[in-house]
Amino acid sequence: MELDELILASISVITLHHQLILVWKRRKQRQENRRRKGWWIRLINLSKIQQGYQSNLVREMETEDHEAFFQNFRMWPEHFNWLLNQVQDKLQKRSRRASLDPKLRLQVTLLYLAQGDSVLSKHTEFRIGRSTVYAIIPETCKAIWEALQPIFLPTMDRNSWNRVAEGFMDRWQFPNCVGAIDGKHIRIKAPPMSGSEYYNYKGFFSLVLMAACDAEYKFTWVDIGQYGSLSDGSIWRNTNFMQALEDGTADLPPSIPLPGTNVPFPYVFVGDEAFPLSTYMMRPFPRRNVNMSNNERIFNYRLSRARRVIENTFGIMTTKWQILSTCISCSPKNAELITKALVCLHNFMMTCGRSQYCPQELINNNGEVERETWRVQANETIFHRLGRTGANRSTRIVQGMRNYLMQYFTYEIGQEQAPWQNEMALHERSINA
């Protein structure tokens, strides 16, 4: 009897022992899970000062290899330091816990924009939290826009438009031109619960960048963030700039005669066939017209040569900032902030570091319309042109303006401005003949 009781007692003790071990393991697992979820800094990120990207490779490039620094950040160290000085107050975080310094935030953001790779890669390279990187990028882009926009993309006034017109005449031989206008669909990740708002007729999700530029490939006006699903006519009509042009509040200079004439002619923008012909917008004669006259072909060549500047501007920016060659994987709001920052960074470098940012071999300056170097590099499937933007019900007045400008280009004074125009404009026709 005593033996049976002893055996039962032993079994009870063993069972209790196993139960206690099981309870201990479960409690330890819960503590481990809480510890993992509650990390302020992951163990791998504790060594960012010794082994992070900033403390090693970036520092070496900044002090010893400026060419490599430019290739990675799209600017020289002196430009980076100037930009840092402009944004650091906006990026400085006040917290009881140690926060990332503004310099690191700017480095992470510029590398992300320039290289076009993933947030995960920046998280690994800089040894900072992935969620932190997701927060850093839009915050820094917002700071870049707020700091640079008043300096490098200010509101245009009459004197500014006059300078743009002088540039288009001197460089592209198009008189009274205050800019080239075009629009692009920027591919974004499908926003959750957005339905078809951002789904465009090309078959992908996008937001729209509509912009004008000067003769030096710098943006003078942008409208960013309209739904990709909107009709192209709605996109243009919804811009504040179009309304300002319609009601005369855009502060364009008053009409002046074309060089060598005495008849006042208004200042105009140039666009492709997607834009409606108007008193402030010149567009080409329809190319589908098989009976196009030689004079119309010459006009189209001169206008296309000036209009190509905005295409080149988009192309240069896309080549330098590779994030535009990918599908931007963030919310539409953050994609808009990224695009705003890129526009300002482009103008900043075209103003302060053009010789390296946009070397001469990237652009065509000999009067010919060729396939520029950037066109080979840019991914045409990501950064898409708009289609038609209006009903194109041209009035006799604006048609008369276009005809007057056509005659001007084909008369002696216009031919003297671009003596190669006949060969370039009529070359294709002679081949077809």
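The values are calculated or read from the model by the stated rules, or taken from the named source; none is laboratory data. Here the structure is a predicted model, which means the values were calculated and not measured. Note that we place each Cβ from the backbone using ideal geometry, even for glycine, and neighbour counts take in every protein chain shown.
For this structure, a couple of remarks:
- Contact annotation: residue pairs with Cβ atoms under 6 Å, 6 or more positions apart or on different chains, pairing a residue in the range 107-131 that is of a type in the set (D, E, K, R) with a partner that is part of a loop (DSSP other than H, G, I, E, B), are GLU125/TYR53; ARG127/GLY52.
- Within the range 50-72, not a single residue is surrounded by 13 or more Cβ atoms within 10 Å (Cβ to Cβ), at pLDDT 80 or above, of a type in the set (D, E, K, R) and within 25 Å of the chain's Cα centre (by Cα).
- LEU342 vs. criteria modelled with pLDDT of 95 or more and under 10 Å from the mean Cα position of the chain (by Cα): yes
- Take the conditions (1) assigned to a loop (DSSP other than H, G, I, E, B); (2) more than 24 Å from the chain's Cα centre (by Cα); (3) in contact (Cβ under 8 Å) with a residue 40 or more places away in the chain; GLU296 misses just one of them, which is (1).
- Long-range neighbours under 7 Å by Cβ, at least six apart or interchain, first residue free of Cβ contacts under 8 Å to residues at least 60 places away in the same chain within the range 308-324, second among the hydroxyl-bearing types (Ser, Thr, Tyr) and part of a loop (DSSP other than H, G, I, E, B): none
- If you check ALA341, ALA274 for being in a loop (DSSP other than H, G, I, E, B) and hydrophobic (A, V, I, L, M, F, W, C), only one passes: ALA274.
- Identification of helices (runs of 4 or more DSSP H) wholly contained in the range 156-254 with 3 or more residues that are modelled with pLDDT under 90, surrounded by 17 or more Cβ atoms within 10 Å (Cβ to Cβ) and not basic (Lys, Arg) yields 232-237.
- Residue satisfying condition, being closer than 21 Å to ASP89 by Cβ and either out of contact with any Leu (no Cβ under 9 Å at 6 or more places or on another chain) or not assigned by the TED database to the domain that holds ASN81 (or both), within set ILE151, ILE144: ILE151
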